[in-house]
Amino acid sequence: MPHPFPRPTKYKLLVKKSATGLGLYAGEAIPKGEFLIEYWGRIISKKEADKLRNRYIFQLTPNRLIDGSIRKNTARYLNHSCRGNCEAVGPAGHVYIQTKKKIKAGEELTFNYGKEYFDEYIKPVGCLCAKCAKK
Ligand SMILES: [Zn+2]
């Protein structure tokens, strides 16, 4: 069952080529602490998620997850960074991506996907985020 609508985005965001494929970029300067975009999709159970095993599953609670693989979910283009400039926040049942610092126009938007995701999908291939690439 999908959410009825994602919360609308107020800022101009662009999908562009990044170090790891496609990424989401700020089309304009964005202040700190602003709502950016909702990570949105079909709500699925843990059992369904284990069957799907796609990279766009976002866990809300142990048995409530979002399958964010649909193209309409622009937030799926947000890449992982161990030191992201955005973060995922509530409210319950939703994933709102919010800026963690002041963003410059043209900057790539990233957030930390969390340890579980990192260990399963990123660690085996090596993290390409700005922080890890510097090492
Ligand atoms: Zn990293």
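Read the figures in this text as sums done on the coordinates, not as results from a lab. This is a predicted model, so every value here is computed, not measured. Counting neighbours? That spans all protein chains shown, and the Cβs are built from the backbone with ideal geometry, glycine included.
If Lys and Arg each add +1 and Asp and Glu each add -1, what is the summed charge of the other residues whose beta carbon sits under 15 Å from the beta carbon of ASN85? Taking every other residue near ASN85 into account, the sum is +2.
Remark: the chain is approximated by an ellipsoid whose semi-axes, taken from the C-alpha gyration tensor as √(5λ), come to 23, 19, 13 Å, largest first. With 23 Å as the limit on Cα-Cα distance, the pairs of LYS12/LYS101; LYS32/LYS134; LYS16/LYS101; LYS16/LYS104 that go past it are LYS32/LYS134.
Taking a virtual spin label 7 Å from the Cα of TYR121 along the C-beta vector, which residues in the range 1-44 bring their backbone nitrogen under 16 Å of it? Residues 18-24, 39-44 qualify, since their backbone N sits under 16 Å from the label point.
Here the simple spin-label model places points 7 Å from the Cα toward Cβ, and for ALA19 and LYS104 these points are separated by 1.6 nm. If only the Cβ of Lys and Arg carry +1 and only the Cβ of Asp and Glu carry -1, the dipole of the chain around its Cα centre is close to 260 debye.
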